[in-house]
1. Output the peptides 294-307, 89-102, 208-221 sorted from most to least packed, where packing is the average of other Cβ atoms within 10 Å over each peptide's residues.
2. Shape of the stretch 107-234 from its Cα gyration tensor (a ≥ b ≥ c, root eigenvalues): rounded if a/c is under 1.5, otherwise prolate when a/b > b/c, or oblate?
3. Going by average Cβ density within 10 Å per residue, which order do the peptides 165-175, 134-144, 267-277 take, highest to lowest?
4. Write down Rg/Rh for the stretch 1-117, rounded to two decimals, with Rg from the C-alpha atoms and Rh from the Kirkwood relation over Cα pairs.
5. Obtain the radius of gyration and the Kirkwood radius of the stretch 72-179 from its C-alpha atoms and give Rg over Rh.
6. Given R₀ = 22 Å, what would the calculated FRET efficiency be for Asn306 paired with Ser209, taking r from the Cβ atoms and rounding to 0.05?
7. Multiply the residue separation of Asp51 and Glu132 by 0.36 nm, subtract the distance between their alpha-carbon atoms, and state the gained length in nm to one decimal.
8. How large is the charge dipole for the chain, taken about the Cα centre, if only the Cβ atoms of Lys, Arg (+1) and Asp, Glu (-1) carry charge, to the nearest 20 debye?
Amino acid sequence: MKTTAVRLYGKKDLRLETFDLPPIKEDEILAKVVSDSICMSSYKAATQGTDHKRIPKDVAQKPIIIGHEFAGEIVEVGDKWKDKFKPGQKYSIQPAIYYENGPVGVLSAPGYSYQYVGGDATYVIIPRDVLEQDCLLTYDGPGYYPASLAEPLSCVIGAMHANYHTVPGSYQHKMEIVDGGKMAILAGVGPMGLAAINYAINRKDRKPSLLVVTDIDQSRLDRAAEIYPVEKAKANGIELVYLNTGNVEDPIKALQAKVDGKGYDDVFVFAPVPQVIEQADAILGFDGCLNFFAGPSNPNLRAKMNFYNVHYAYTHVVGTSGGNMNDMKEALKIMSEGLDPAGLITHIGGLNAVSETTLNLPDIPGGKKLIYTHIDMPLTPISEFANKGEKDPFFAKLAELVNKNNGLWSIEAEDFLLKNAPKKI
């Protein structure tokens, strides 16, 4: 079986190549990849090469396929797994497999460490490592892009599950956000912040009564409010407030005014900025939990914290990096039941666009860049579909379909693209 894939050979050395996959073994699965969402983690891996802890040292001789937020269909199942998986099933993969015998030990992951499995490919071999760790997950919902976004959604699910609060008079920790509590998401209208808003306002088992989302970019706040309206949150029993902290003299005072000065139960920080971290600390209420979600690139990042409140107000800090298997399963389940993560997606492209997009990701504005691996298409902002449609009927139809969905990507748009993309790999 031939595949076309983007492979990493070293620092900033990504190559789009067609090559033969070996026949699958009895404990492997052959799969078609349909979509992959490009992540900043792939940018870090591509720019760091073998300095990255998940990249094997012999990558120059045995290049790996990049991409770890992917979905597709199972094509062929090795004998060992035929009682569990069937050809034609849709799937997603939890890349954090924690397999001690992988190419780089416990840090091994699809999209970083393996020659024959990664999201930026037409076909892949899912190895024993993934299957034995139960990290191949079937998806029964509509389309493919929701399953590609299950991994990033699982990260915010994990963050909310990781928050904790205390039981007075004991050392018992109660995991999770406070049901009916006061929540703030600071710097919260980037791609992952939008995922957090989507999850928080649509949860059925546990939700805040107040959710305040901040940023300093009014246009991004306005777009977030358009995608996730305050009316929708209100219908689910949540008061949702979008607050531009760049337009107020005292952001902490403005945030505290929303809770009558009593502080917040759960505060999530979505930007690795000392000022934002210190805002979060300052607005914590009694037994408040600060979740530092944003992954910093600066190993010496520091911010001030009020230790008087740590002692007397029981405030505390947690940090999360990625979701676990249960978080991934929850993400797939709630998307199968109707939660649509399309608000995260701002660009669409084909496999030919992966190398340039990955290496320049920090400089490309917007949210998630979604790749369809069997088409040849330049990375294109969804907002530019209409302009391109003035000369190209293909983009005109895509613009029509996304306009039906409030300017967002959709299952209908995906179906049209997969059937009608002008060039297919």
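The values are calculated or read from the model by the stated rules, or taken from the named source; none is laboratory data. Note that this is a predicted model, so its numbers are computed, not measured. Note that we place each Cβ from the backbone using ideal geometry, even for glycine, and neighbour counts take in every protein chain shown. For accessibility, only protein heavy atoms count, side chains too; no ligands or nucleic acids. Shrake-Rupley method; radii C 1.70, N 1.55, O 1.52, S 1.80 Å.
1. Numbers: 294-307: 11.6, 89-102: 21.3, 208-221: 19.8.
Packing order, densest peptide first, comes out as 89-102, 208-221, 294-307.
2. Values: a/c = 2.37, a/b = 1.44, b/c = 1.65.
Oblate shape, in that a/c is at least 1.5 and b/c is the bigger or equal ratio.
3. Output ranking for 165-175, 134-144, 267-277: 267-277, 134-144, 165-175.
4. 0.96
5. Details: Rg = 17.4 Å, Rh = 16.0 Å.
Taking Rh as the inverse mean 1/r over Cα pairs, Rg/Rh reads 1.09.
6. On the way: r = 25 Å, r/R0 = 1.13.
My answer for the efficiency is 0.30.
7. Details: separation 81, 0.36 × 81 = 29.16 nm, distance 2.76 nm.
In short, 26.4 nm is gained.
8. The dipole magnitude comes to about 300 debye.
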